[in-house]
1. Once the other residues with Cβ under 9 Å from the Cβ of C:T318 are scored (Lys, Arg +1; Asp, Glu -1), what is the net sum?
2. Can you compute the helix-only [θ] at 222 nm over chain A? Use -39500 (n - 2.57) per DSSP H run of at least 4 residues, normalise by all residues, nearest 500 deg cm²/dmol.
3. Solvent-accessible area per residue for segment C:209-338 at a 1.4 Å probe radius, Å²?
4. May I ask you to derive the FRET efficiency for C:A140 and A:N246 from their Cβ-Cβ distance with R0 = 45 Å, giving the value to the nearest 0.05?
5. Using a label point 7 Å beyond Cα on the Cα-Cβ vector, give me the inter-copy distances for B:A140 in nanometres, one decimal, shortest first.
6. What's the percent breakdown of Cα-Cα distances in the protein assembly as shown across 20 Å bins, shortest bin first?
7. Would you be so kind as to list the residues of segment A:36-55 that have their accessible area lowered by at least 20 Å² in the full protein complex compared with their chain by itself (1.4 Å probe)?
8. With a point put 7 Å past each Cα toward its Cβ, work out how far B:H235 is from C:H235 in nm, to one decimal.
Amino acid sequence: MKKSGAALAAILALQVPAWAQSDVNVFGLLDVNVRNIRVGPTSKTEMHNSSVAGSRLGFRGSEDLGGGMKASYWLEAALSPDTGTTAPRFFHRRSTLSLSGSMGELRLGRDLTASFQGFVYYDPFAVNGVGSVQNVFGGAGYTLGSGAVTSSRTDNAISYFLPSNLGGWNGQFMHALGEGVAGSAYTGLRVGYAQGPIDVSVAYSETDAVGSGKFTVRTIGGTYDFKSVKLTAVHIQNAWLPRKENVWLLGAAVPVGDAGTLRASYVPKNASGGGTDANDARQFAVGYLHKLSKRTMLYGTYSRIQNKGASNATVGSTLAGAAGQNSRGVELGIVHAF
Amino acid sequence: MKKSGAALAAILALQVPAWAQSDVNVFGLLDVNVRNIRVGPTSKTEMHNSSVAGSRLGFRGSEDLGGGMKASYWLEAALSPDTGTTAPRFFHRRSTLSLSGSMGELRLGRDLTASFQGFVYYDPFAVNGVGSVQNVFGGAGYTLGSGAVTSSRTDNAISYFLPSNLGGWNGQFMHALGEGVAGSAYTGLRVGYAQGPIDVSVAYSETDAVGSGKFTVRTIGGTYDFKSVKLTAVHIQNAWLPRKENVWLLGAAVPVGDAGTLRASYVPKNASGGGTDANDARQFAVGYLHKLSKRTMLYGTYSRIQNKGASNATVGSTLAGAAGQNSRGVELGIVHAF
Amino acid sequence: MKKSGAALAAILALQVPAWAQSDVNVFGLLDVNVRNIRVGPTSKTEMHNSSVAGSRLGFRGSEDLGGGMKASYWLEAALSPDTGTTAPRFFHRRSTLSLSGSMGELRLGRDLTASFQGFVYYDPFAVNGVGSVQNVFGGAGYTLGSGAVTSSRTDNAISYFLPSNLGGWNGQFMHALGEGVAGSAYTGLRVGYAQGPIDVSVAYSETDAVGSGKFTVRTIGGTYDFKSVKLTAVHIQNAWLPRKENVWLLGAAVPVGDAGTLRASYVPKNASGGGTDANDARQFAVGYLHKLSKRTMLYGTYSRIQNKGASNATVGSTLAGAAGQNSRGVELGIVHAF
């Protein structure tokens, strides 16, 4: 930049003097595994990724604005470390700018949806890998064929989060502008309470479907920490026009010594409406996490899905199943955060 | 890397011992807004980005070579923080390697063009958002239908910049190799003088058009800082074969208290040649910037374009306008640099 | 993230408390040049990149696991700094997660192949630019038309590296899962010995070809450092079904003063089988590297390929040659590591 231009720009527009280095936190996680997936009579062994936590590379930071306020940004890319690829949206996982203070947080950009956050924390497998509760959800993008693209994340979101000093109450309201793109306009609400061993929440969302109607998600879930075991339960109802799927998850996480955690979940799904009444499914998953250190873990997970009627849910997405075929998968991997 | 290979490579080729950490400056900016654009009878509300400054993530640094010389690199990606996307060229904004010293700077790679730098500093809206002077430019890529892709940036550029110790004189010569790709071969020159309250410059460029002829840009502009107000004026002439557009910008930036700046511009365009004589347009924009801190600002901008003849310029690019339809837009946003 | 969710996730899944900043090494290299390539009667001048070393931006780090063990990650993107573009696989150059200790290293992900590492260190031009030994290799992806995509790198690799304390012995076994994608399933082995002035190794690999058969690579190479000159020699045999190419490289690197290195290589290729017996080629390259500092160098390289029969190898990839046409190229550039 020419010196004079920089001086002019400093007055006319935003200009940080010489882009002085601010406090940028570069963070990430790589999760790589080898897994074997079986769908009906076919099986496949492959290197895969992100079965305990989503592989990522991110940049984030914040600035103190005074008066208890701060501005913060968060850019987080999704990685497939087995192949070195990233997602079509480079900062697929999160791309947000926030203003926050004692009144809560205003957050703008691409982010997890409020309804996704209504079940992710109650899945012992954190909606990752062969044990993810989302495996039994129906339709492309897990939205029953409605064309909605908001099961997990959304673009163009305006979110308000309650502040953290409400005696355990927490919550979020989110509205994502559709901008004329079908399947994108999202509105969601989540309210929760967390105190001591208990954490409960409810959430509701609706997304304008492609074609007609709205794709809606209702969740209610909770967890109780008995120390020797943490039990979780969540009910998720996805619905679009006459179609509904009711998914229940019962989960447990059991500490094993100082470094281990056993995880298990049982996930029955009941489909109904639009001729799908017979298309039920259920998933059972069990896994073990072993910490090698503060930032590195080994893991193994086994999962099995039984399909009925026309349901063809699988524990992994690279093989397509036929109606009623069962699926099972096992994966062994390493996860490292930085 | 195997140890022996590293030792060999250290002699045969470039090798920094164990890639010892050097001084990398990670920097960036997120600019997110909500805007309403009206084009003719149609209006649209959307989340948008980069209306005060281009959203970005960058990596840069330099090395002292001794004798007043240094080597420096600059990699700068363009972001759309509302959706998490990046540009097709990942380091769209800048990707350069430089050698510089008391004789000036030699810069190689992708960069802003010399002619773009002939008007960007004189636009109170810094060629961003609904108030950008470029909104009234004609044709795809703002180049009158010539196919030239060099209105703002170019690949494969070799630039020489004058050193900063010439008593206020500054300038740049830039040549971008076309490499056989039509619309890409660019040659440009900019010369300026900046001292105290005054900053003036002229620039000229030509780009081989797709098909025949050259797309040329001529600019002359200046600014004078009266402290209570900074006035700017620039004339830009884009031309291709018989077609010409003469664009004038009159602008002002007025400090409001310690934290505010009012910005305004009036931009008439006269089109001529090739049957375009009736296709004039003019834009009026006004906005307010409010600093929350050193690195965070709120802003609001309003802009309006009046089109004549077949001109269909709009204040935002997501809605297409018909001949002669007017356009107006308003945007409210946050910008945060890091 | 809501506080309660974070607390839950910390037990159920991997969670680094508040993603505390760990030691991330951001590193990279930009190599930009201007070159002229001639192929038969046609020549082209262009800005190009990565002719001494691959331009890159990377992130890497490690964690001490205790007991001499560590976990480490390496994400390395490929850049074209002349245009700001990256590769289709963003972390094209490397994307790996490792566990290592006194028993060696287990490495998972995308990486250089074992067989590529069997010749890259013996090429004075490090398989970059107009002097790269790979220029004479036949077929798309340098694999004789077999469709194998593993000449340089591979996805989905499981590698084991010998530890570094074996008295000079070193080596690697690599297996890349094909995952049903033709041309991808790779198995390779490299064993070497490096002590004092000597460094020798052999490697063998096979990749399932598209269609039938396997693409195989055999290498044997070495170098001896006489101080006044380092001599290198390597033999590479690429083979697929009846087709074979035997490539020999004789190379030298000569220190010139404190800052310079002269590099030269002579690379004859003998093609045979499948009607290719007449399609031989040979390349001669000479270049000079001049260090401006620890991290910045200037360079110039000249290279020439003589083709026989139907061979149409070129010193640069942007111009296609006809059967038997010769090619030559010269490039002048700057390389800067950070």
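1. -1
2. On the way: 1 runs with 10 residues, N = 338.
Counting only the DSSP helices, I get -1000 deg cm²/dmol.
3. Here the per-residue accessible area is 43 Å².
4. Details: r = 52 Å, r/R0 = 1.15.
That gives a FRET efficiency of 0.30.
5. 2.7, 2.7
6. Percent of Cα pairs in each bin: 12, 39, 37, 12, 0.
7. A:K44, A:T45, A:E46, A:M47
8. Label at B:H235, label at C:H235, 7.5 nm between them.
The values are calculated or read from the model by the stated rules, or taken from the named source; none is laboratory data. This one's a predicted model, so the numbers in the text were calculated from it and none came from an experiment. Counting neighbours? That spans all protein chains shown, and the Cβs are built from the backbone with ideal geometry, glycine included. For the accessible areas, the whole protein counts, side chains as well, though only heavy atoms, and no ligand, DNA or RNA atoms are used. Shrake-Rupley method; radii C 1.70, N 1.55, O 1.52, S 1.80 Å.
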